[in-house]
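The structure's right below; bear with me while I get my questions together.
No lab work stands behind these numbers, since they all come straight from the coordinates. Quick caveat: nothing in here was measured; it's all calculated off a predicted structure. Because the Cβ atoms are built from the backbone with ideal geometry, glycine has one as well, and the counts that use them run over all protein chains shown.
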Amino acid sequence: MRSDGKLTIKSLADEAGVKRWMLTHKHTDLQDEFKVRLEATSGEPAVVVKLREQLKERDETITRLRAEIRGLTNDRQQLERVINVLSVEQQHGRVDKSNVVGVRGPRDSH
């Protein structure tokens, strides 16, 4: 595909595989028809509008997911710090096991 997505005579010629002067000098009827159709679409075809909306939705999703990842990363780092502190305290015999709540893993849930 040779189109750059722009709605211009040059882009139309590129997409059709002809030189621009063929449209502007030899086939002026095609140029005129293109301009009429362009005006009828308000300069932006429906497919472009739809793709722009999809892109906006995806950008919003990406932004939301990045924020979620940052939150989960912060939670993971905090849990790693807690585990490290508890490990050091356990090694030195300073863990009060009466206040430790167990975490059940997938195998413990049976």
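Over 15 Å apart: what share of the alpha carbon pairs of segment 22-80 falls there, rounded to a whole percent?
71
A further question follows. Between residue 77 and residue 9, what length comes free when the chain is fully extended (0.36 nm per residue of separation minus the Cα-Cα distance, one decimal in nm)?
The residue 77-residue 9 span can extend by a further 18.9 nm.
Using the beta-carbon distance between residue 41 and residue 19 and R0 = 35 Å, what value does 1/(1 + (r/R0)^6) give for FRET efficiency, to the nearest 0.05?
The calculated FRET efficiency here is 0.90.
Right, something else. Once fully extended, how much extra length lies between residue 94 and residue 70, figured as 0.36 nm per residue of separation less the alpha-carbon to alpha-carbon distance?
5.4 nm
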